[in-house]
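Undergrad: Here it is: the structure, laid out below.
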Amino acid sequence: MRRPKLLLLIPAHNEEKRLEPTLRSYAEYARNHYPDNFEILVVVNGSTDRTLDLARKISQEAPFIRWIDIPERIGKGGALIEGLKRSEGFDLVGYVDADGATGPESFFKLVELCEKYDCVVGSRRVVGSVIHQYQPSHRQLASKVFHFLVELLFHLGIRDTQCGAKVLRRSAVEKVLPWLHIADMAFDVNLLYALKRAGCSMIEAPVEWTDHIGSKVRYFRTSLVMFLSIVRLRLVYSPFYCWLGPLRPIEGWIYKALQNPPPRPMGNTGAKRPC
Ligand SMILES: Nc1nc2c(ncn2[C@@H]2O[C@H](COP(=O)(O)OP(=O)(O)O)[C@@H](O)[C@H]2O)c(=O)[nH]1
Ligand SMILES: [Mg+2]
């Protein structure tokens, strides 16, 4: 039986230390267990270190690894949106962090489950997950508060929206792509809520996970931006959205002050807003 054609996206911003082992482990695993129909697309952006050189070098060694470079800082969400836009012709699209927090063995278990679901959400908070190295306690606290707020606002019923390992069917990507606009780390909530609204089936499945030093998260700034982005996302789907036009310049200013990419424009791809 032919394996589904799979594209794995890896967003990378200043990842010269963490990207190479991740790419090599995925390449090696794929050669042995998923030899055909697999590609990796590294979405490098705003990197001032050797990330791009590395991606270039490794892609010369393994033809199924490709890269794109977007010089402007478009954020993890922006990078994934750009990657999803380039997924035409694939059956499945997944993504993982450049740090290799979820290794290939665990990721490919999610891929298998995608046979039955539109989206498989890798999770550190369901039975069967294995955490080799926990995040520092302040990150765990922030993540609990964030989860509480996300559940309050969106009722997703997903215990770990932020784990950076997910797999989707391309047909589901097509349904939600016009609705994706959050550029920062809250992108995952944007994606999951859009999938829910589009009636896509989802399951949370356990992953193996290891926290690695070198996180791009700036505790206070990133938390604040993620909070803003989920409130904004809630408003996008509320009747008040149309009244908020005059606040748009202020919004742009806040994201800039917090040194994070602002949400991307939405709706130019045919999505119908609530107003
Ligand atoms: N392309 C791109 N990727 C980013 C950006 N910020 C973070 N990332 C990537 O998003 C992924 C998750 O970031 P990470 O620092 O591991 O977050 P953590 O696991 O929550 O600490 C990594 O692959 C980062 O390189 C960005 O501005 N642009
Ligand atoms: Mg990470």
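Undergrad: For the chain, modelled as a GNM with alpha-carbon contacts under 10 angstrom, which of LYS196, LYS166, LYS76 fluctuates the most?
TA: LYS196
Undergrad: Helix-only estimate, please: 222 nm mean residue ellipticity of the chain, summing -39500 (n - 2.57) across DSSP H runs of length 4 or more and dividing by its residues, to the nearest 500. Spell out each step's value before the answer.
TA: On the way: 9 runs with 111 residues, N = 275.
Rounded to the nearest 500, the figure is -12500 deg cm²/dmol.
Undergrad: Ordered by residue, what ³J(HN,Hα) values in Hz, to whole numbers, does region 61-72 give under the Karplus form 6.51 cos²θ - 1.76 cosθ + 1.60, where θ = phi - 60° and Gly and Pro are x?
TA: For region 61-72, the Karplus curve yields 7, 10, x, 8, 9, 10, 9, 10, 10, 10, x, 5 Hz.
Undergrad: Amide H neighbours of GLY94 under 5 Å, at least 5 residues apart or on other chains, H built in the peptide plane: list them.
TA: The answer is LEU7, LEU8, LEU9, LEU168.
Undergrad: Follow-up question, since we're still on this one. Mind telling me which of PRO71, PRO63, PRO246 comes out most flexible in a GNM of the chain, alpha-carbon contacts under 10 Å?
TA: The residue with the greatest mean-square fluctuation here is PRO246.
Undergrad: Quick one: work out the % antiparallel among DSSP beta bridges in region 88-202, nearest 5.
TA: On the way: 7 of 8 bridges.
Of those bridges, close to 90 percent are antiparallel.
Undergrad: Amide H of SER123: which non-local residues (sequence gap of 5 or more, or other chain) have their own amide H closer than 5 Å, using H built in the peptide plane?
TA: ALA205, VAL207
Undergrad: Can you list the lysines whose alpha carbon is less than 24 Å from that of LYS17, not counting same-chain residues fewer than 8 positions off?
TA: LYS57, LYS76, LYS166, LYS216
Undergrad: List the residues, sorted by chain then number, that are 5 or more residues from ASP49 or on another chain and whose placed amide H is less than 5 Å from its amide H.
TA: ASN14
Undergrad: Could you calculate the contour length gain from LEU258 to PHE148, that is, 0.36 nm times the residue separation minus the distance between their Cα atoms, to one decimal place in nm? Write down the numbers at each step before the final one.
TA: Numbers: separation 110, 0.36 × 110 = 39.60 nm, distance 2.28 nm.
That pair, LEU258 and PHE148, stretches by 37.3 nm at full extension.
Undergrad: Enumerate the residues in region 16-59 having an amide nitrogen under 17 Å from the point lying 7 Å beyond the Cα of THR210 toward its Cβ.
TA: 17-30
Undergrad: Say R0 is 30 Å: what FRET efficiency, to the nearest 0.05, do HIS132 and VAL231 get from their beta-carbon distance? Write down the numbers at each step before the final one.
TA: Working: r = 34 Å, r/R0 = 1.12.
After rounding, the FRET efficiency stands at 0.35.
Undergrad: Per residue of region 241-251, in order, report the coupling 6.51 cos²θ - 1.76 cosθ + 1.60 (Karplus, θ = phi - 60°) as ³J(HN,Hα) in whole Hz, putting x for Gly and Pro.
TA: Result, ordered by residue: 3, 5, 7, 8, x, x, 7, 3, x, 5, 4 Hz.
Undergrad: If you plug each phi of region 106-112 into the Karplus form 6.51 cos²θ - 1.76 cosθ + 1.60 with θ = phi - 60°, what whole-Hz ³J(HN,Hα) values come out, in order, with x for Gly and Pro?
TA: 5, 4, 5, 5, 5, 4, 4
FYI, it's all coordinate maths here, none of it is from the lab. Bear in mind that the values here come from a model prediction, so they are computed numbers and not experimental data. For neighbour counting, all protein chains shown are included, and Cβ atoms are generated from backbone atoms with ideal geometry for every residue, glycine included.
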